[in-house]
Amino acid sequence: MVYYGIAVVAMPSPSFFRAERSMAPDLSADRAISRGNGASTRRRDLVFIVNPKGANGRTGREWKKLLPYLRSRLGTDCNICESLTSGPSHAIDITREAIREGADAVVAVGGDGTLHEVVNGFFWGGKPVSTHDLKASHTTALGLIPLGTGSDFARTFGWKNDPHDAIERIVKGLRSRIDVGVISGEGGDSHYFVNVADIHLSAKAGYYASRHKKFGNLCYVIGALQGFYGHCNQDLKIKVNEGEWEVYPQVTALCIGNAKFFGGGMKITPNAEPSNGNFEVELLLYICSSVRSIQRITLDFCNFQSMQVVILQDFKWYDFILKLHKLYNGTHLSVRNVSSRSVHAIEVEEVVGSGSVHVQSDGEHLGFLPRKFCILPAAIEMIC
């Protein structure tokens, strides 16, 4: 495996930090520092994974400006490793190798896409990377310096979009366990997310939004409008918490939140908390039928373990524009056509397999239904 021309062994070995030293010339070969009282304390190994092309190159430019400040705040107590990604999934490989090498923390520098890859790097073969090494006695923490387009995950914690604040959190080193969502499909491979996974219209909108990142947060609005064009709602089969399958007609979108925000600041699942062991689920339905039919469907939903659902009658693109402000400030749950509930597992399939219902998580397109979503409580330690 090669990172920017530097050879790194893919299997566990004491090579990672030695290989990366040329990227951060101020790293010390001594893994311990001497305190004033003569006590010896192990230096923390921090790996900063940077997507230099993120936010149309802004991430790379801001990182170069930030690095001197980072070294001034952490350089005396930490070994600072800088790793620049060269393409999709590169951050996953770097993260896995850093954990195998005993890193104290892996810090994602960029947006939700970089964070998403780093989180997936914490797992391998359906298990945490750390569990593959029976001799491992350390815990690698997840860190975040938001420098991307959306940075939605940081909003849940109320963090300012200020990288200097993020560095101060890393200096303090306070940690808290967070939940991780797991997505599995027919192929058997697992995918992990910490923010929001969604299905159908919102996922399709996210797919289009990814093509317009050069417009900043406006890309999410452009993506939503493109998603509406030619959109057809689908009947879905849904199973919650290992219960019975139920058919839900004309579904527009289903959002599964481990955290609160997506789409560049939309507070889509305002009751979600990344450390409570549950998902917050929102189901959007498109109904253009009689009031009698809507009442019948509502009763069916009540039988489904009191799952709260969202019913939108005759939903058009202009309804989205009119209600956009409610999605951004999180007040959409207060109106009659939006509701939610908490679950720890949910499975979703099409009634008639069209293969066209999009699935995404943390803004990354994952293909199409069917999918199962589960929660891993307290799966990762995060620097908060």
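The values are calculated or read from the model by the stated rules, or taken from the named source; none is laboratory data. As the structure is a computational prediction, the values presented were derived from the model and not from experiment. Every residue, glycine as well, gets a Cβ built from its backbone with ideal geometry; the counts of neighbours run over all protein chains shown. For accessibility, only protein heavy atoms count, side chains too; no ligands or nucleic acids. Shrake-Rupley method; radii C 1.70, N 1.55, O 1.52, S 1.80 Å.
Some points to look at:
- Tally of residues being of a type in the set (S, T, N, Q) and within 22 Å of the chain's Cα centre (by Cα) across the stretch 218-240: 0
- Y248 in a strand (DSSP E or B), at pLDDT 55 or above and aromatic (F, W, Y): yes
- The set of residues in the stretch 115-149 that are at pLDDT below 95 and crowded, with 24+ Cβ neighbours inside 10 Å comprises P146, L147, G148, T149.
- Pairing residues of the stretch 42-62 that are charged (D, E, K, R) and at pLDDT below 95 with residues that are part of a strand (DSSP E or B) and open to solvent by 20 Å² or more (accessible area, probe 1.4 Å), at Cβ distances under 7 Å and at least 6 apart in sequence or on separate chains, gives R42/A32; R43/A32; R43/I33.
- Taken over the stretch 67-85, the criterion of being assigned to a helix (DSSP H, G or I) and open to solvent by 10 Å² or more (accessible area, probe 1.4 Å) is satisfied by L67, P68, Y69, R71, S72, R73.
- Scanning the stretch 238-260 for residues that are over 19 Å from G227 (Cα atoms) and open to solvent by 10 Å² or more (accessible area, probe 1.4 Å) turns up K239, N241, E242, G243, E244, W245, E246, V247, P249, K260.
- Considering the stretch 364-380, the residues that are open to solvent by 40 Å² or more (accessible area, probe 1.4 Å) and not hydrophobic (A, V, I, L, M, F, W, C) include one that is nearest to the chain's Cα centre (by Cα), namely E364.
- Which listed residue is open to solvent by 40 Å² or more (accessible area, probe 1.4 Å), small (G, A, S), at pLDDT below 50 and touching a helix residue (DSSP H, G or I) at 6+ places or on another chain (Cβ under 9 Å), from A24, A7: A7
- Test result for K239, in a helix (DSSP H, G or I) and either of a type in the set (A, V, I, L, M) or in contact (Cβ under 8 Å) with a residue 12 or more places away in the chain (or both): no
- Selection of first residues in the stretch 310-332 that are modelled with pLDDT under 70 and of second residues that are in a helix (DSSP H, G or I), restricted to Cβ pairs under 6 Å at least 6 apart or on distinct chains, gives the following pairs, ordered by first then second residue: W317/F228.
- Out of Y192, Y220, Y207, sole residue that is part of a strand (DSSP E or B), closer than 23 Å to Q360 by Cα and either hydroxyl-bearing (S, T, Y) or open to solvent by 10 Å² or more (accessible area, probe 1.4 Å) (or both): Y192
- Residue tally, condition open to solvent by 10 Å² or more (accessible area, probe 1.4 Å) and either modelled with pLDDT of 95 or more or over 19 Å from N258 (Cβ atoms) (or both), over the stretch 100-113: 4
- Taken over the stretch 177-220, the criterion of being of a type in the set (S, T, Y) and closer than 25 Å to T59 by Cβ is satisfied by Y192, S202, Y207, Y208, S210, Y220.
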